[in-house]
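*Asks:* The following block contains the structure, expressed as C-alpha cells.
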Amino acid sequence: MAKSTLSFVCQNCGAAYNRWQGKCDSCGEWNTLAEEDTTGATSMPVSVRSRRKGRTFALESLTGKSNDAPRLPSGMTELDRVTGGGFVRGSVLLVGGDPGIGKSTLLTQATSMLARAGHRAVYISGEEAVAQVRLRAERLGLADAPVQLAAETSVEDIVSTLSEGAVPRLIVIDSIQTMWTDTVESAPGTVTQVRASAQALIRFAKKTGAAIILVGHVTKDGQIAGPRVVEHMVDAVLSFEGEGSQHFRILRAMKNRFGPTDEIGVFEMTGLGLREVSNPSELFLSERDLGSPGTAVFAGIEGTRPVLVELQALVAPTTLGTPRRAVVGWDPSRLSMVLAVLEAHCGVKLSGYDVYLNVAGGLRIQEPAADLAAAAALVSSLVNAPLPTDAVYFGEISLSGAVRPVAQTSARLKEAAKLGFGRAVLPESARGEVGGDGGLALNSIGGLTSLVAEIAARGSPRGNRDTSREGAAEKNATPARFRRENS
Ligand SMILES: Nc1ncnc2c1ncn2[C@@H]1O[C@H](COP(=O)(O)OP(=O)(O)OP(=O)(O)O)[C@@H](O)[C@H]1O
Ligand SMILES: [Mg+2]
C-alpha cells in the first residue's frame, strides 16, 4: 500500500511544506497554506514502478500531413481575433475574469455558433445546473443550437463520456476550479486538484485533437486562481475584463502559443448576450464630454486595429501634504514620468495639485504613444482650457521633453478621419511617413514645451467658461507659470 503523504500546499503558488506555517516562504502570502494529500498518481511503490518497461512510440516529422483545417473559427469575429483566427485542434485555452463578467455567456455563445455550424460542441458546467444553463441559452436566443450539455465535475467521467462517438471539436469546462479527479485526494478547488484535473483534460485534448476551453476563477488581485503552473500548461490564457458598471467587455490574450497577444476583442453586454463591437472607437467616444477642459482624444493602436479613446484628466489643488496621483487604465509610472517632464522642461508646477487620469470606457492602454494625449489633457485641466473637440493626439514623450514618433501613424490618422476628426497633433518627425491622412490638418510638435504654450494660450479668459474656476484658470494661464523656453 502506498503511504499517503500529507503536506501543506500554498494555495497561491503551489509550494509544499512538511508542516503548517503562517506565511509562504516562496511567494510571501499569509495564510495560504492548506493541508493536502499530494500522494497523486505516482503513488505506486518504486519497486513496481521501475519494473515497467517503457513503451516504444513512433517519432514524427514536422512536415506531417494534417487532414483537417488546423483552426476552427468560432464564428465570433472578436473572439477569433484574440485567439489568432480560431481554435487550434488539440489546444487548451484558459479564460479568466471577474465573477459575473460574462465568461459563461461568451462561451455559451461560442459553443452554440459552432454547434449550429454542424460541429460537435460540448458544454460541461460544474457550477450551474443544466436548467440554469438552458435558461441562459433561452435568454440569448440560442436554445435551438444542438449543443451537448452536462452538469458534471468528475474529470474521469467527463473523459470517458467524451471518448465515445465522434471527437468533439470544442469542449467548454466551466470552471476548472469545480473539477476533481480520483487520482488525488484533495478537495476540489485546491492547487493539487486543479493541477491534476487540468493535466487530465490537457492529455485528453492532445490525444483526441479536441479544443478545450477551461474557465478559471480569478483571485481578488486579478490573477487566475489555483497554481500558476496551469497557465504554463495551457496553450493560451485569455482574460475577460470590464468595469462592472459599464457594458463594454474586453477580451485580451495574456499568452498565446498560436497567435498574437496584442489583439483585443471588444464586446458589449446586452440582455441578449454579448454583442460584438467591430468599431470600438465609436463605442469609446460615444459618450464624450464635448468642450470640457481636461479631455483629449488619443489615437491608439490595439494589435492591428486603430482605436480612438478619450483620456480624462483632473488637476485640482491638493489639501494633502503629499498630493494624490491616481490613474485608471494607464501605467502609473508613465503618468509620473509625464508629470516630471512637464515640471522639469515646461515649467508646469504640479506639486501643489492632485492629479487624476482616467481612460474612458474601461480600456487599458499600454502604448507609450499615449504620453502626448495624457500631457495635453493634464495641461488642459490645469489651465481650465478645453482642447479643440476635433483634434486627436499621439506621440511618445522622452525624458528630455522631445516628442518622439510612434509606429503606424497613417493607420491612426485614417481612423481619426473616418470618425470625423479634423486635425491631429503628432510628433514632428512622423510627418515624413504620413500618407493618406484623409485630409486631416496636421499640427506637428517637436517638443512638449510648444504644446504646453499652445494650450496655455487657449486658457486666456473667454466668455463661456465655468466662472467658479475662472480665477484659478487665469492664474494658471499667466505666462509666468510657463517658461516658454523656445520663444
Ligand atoms: N437579463 C439580463 N440582461 C442583461 N444582462 C444580463 C442579464 N442576465 C445576466 N446579464 C449579464 O450577464 C452577467 C453574468 O454573466 P455570466 O453568468 O456569463 O458571468 P460569468 O463570468 O460566467 O460569472 P461567474 O463567474 O459567476 O460564472 C451579469 O453580470 C450581467 O451583466
Ligand atoms: Mg459562469
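Quick note: the coordinates plus some simple rules give every number you see, no bench work behind them. Worth saying up front: this structure is predicted, and the values here are computed from it rather than measured. All Cβ positions, even for glycine, are placed from backbone atoms using ideal geometry, and neighbour counts span all protein chains on display.
*Asks:* Could you work out the local net charge near residue 145, counting Lys and Arg as +1, Asp and Glu as -1, over the other residues with Cβ closer than 13 Å to its Cβ?
*Replies:* Spelling it out: positives minus negatives among the neighbours equals +2.
*Asks:* Over every pair of different alpha-carbon atoms in the chain, take the mean of 1/r and invert it; report that Kirkwood radius in Å.
*Replies:* Averaging 1/r across every pair of different Cα atoms and inverting gives 25.7 Å.
*Asks:* Continuing with this model, one more query. Calculate how many DSSP beta bridges within the chain are antiparallel, expressed in % of all such bridges and rounded to the nearest 5.
*Replies:* DSSP beta bridges in the chain are roughly 55 percent antiparallel.
*Asks:* How big is segment 303-433 by the Kirkwood estimate over distinct Cα pairs, in Å?
*Replies:* For segment 303-433, inverting the mean 1/r across all distinct Cα pairs yields 15.3 Å.
*Asks:* Sticking with this structure for a sec: 7 Å from Cα along Cα→Cβ at both residue 441 and residue 270: what's the point-to-point distance in nm?
*Replies:* Placing both labels 7 Å beyond Cα along the Cβ direction yields 3.8 nm.
*Asks:* Between residue 247 and residue 119, 0.36 nm times their residue separation minus their Cα-Cα distance comes to what?
*Replies:* 43.0 nm is the gain from fully extending residue 247 to residue 119.
*Asks:* How many percent of DSSP beta bridges within segment 71-278 run antiparallel, rounded to 5?
*Replies:* 45 percent
*Asks:* Over segment 281-428, what is the percentage of antiparallel beta bridges among all DSSP beta bridges, to the nearest 5?
*Replies:* Antiparallel bridges: around 65 percent, rounded to the nearest 5.
*Asks:* Given the DSSP H assignment, sum -39500 (n - 2.57) over each helix run of at least 4 residues in the chain and divide by its residue total; what's the result at 222 nm in deg cm²/dmol, nearest 500?
*Replies:* The per-residue figure over the chain is -8000 deg cm²/dmol.
*Asks:* Using a cut-off of 10 Å between beta-carbons, work out the net charge of the residues near residue 106 (Lys and Arg +1, Asp and Glu -1, residue 106 not included).
*Replies:* Surrounding charge for residue 106 is +1.
*Asks:* In nm, to one decimal, how far is the residue 400 label point from the residue 56 one, both placed 7 Å along Cα→Cβ?
*Replies:* 6.7 nm
*Asks:* Classify segment 142-245 as rounded, prolate or oblate from the Cα gyration tensor: take a ≥ b ≥ c as the square roots of its eigenvalues, call it rounded if a/c is under 1.5, otherwise prolate when a/b beats b/c and oblate if not.
*Replies:* Judged from the Cα gyration tensor, segment 142-245 comes out oblate (a/c at least 1.5, b/c at or above a/b).
*Asks:* Pop a pseudo-label 7 angstrom from the Cα along the beta-carbon direction at both residue 344 and residue 29 and give the gap in nm to one decimal.
*Replies:* So the two model labels end up 3.8 nm from each other.
*Asks:* Please work out the FRET efficiency for the pair residue 203 and residue 304, using the Cβ-Cβ distance as r and a Förster radius of 35 Å; give the result to the nearest 0.05.
*Replies:* Approximately 0.55, to the nearest 0.05.
*Asks:* Provide the FRET efficiency to the nearest 0.05 for the residue 407-residue 454 pair, computing r from the beta carbons and using R0 = 25 Å.
*Replies:* 0.50
*Asks:* Quick check for me: using +1 on Lys/Arg Cβ and -1 on Asp/Glu Cβ, what's the dipole size of the chain about its Cα centre, in debye to the nearest 20?
*Replies:* Its charge dipole is roughly 900 debye.
*Asks:* Can you give the extra length, in nm with one decimal, that the chain gains between residue 233 and residue 258 once fully stretched, where that is 0.36 nm per residue apart less the Cα-Cα distance?
*Replies:* Fully extending the segment from residue 233 to residue 258 adds 7.6 nm.
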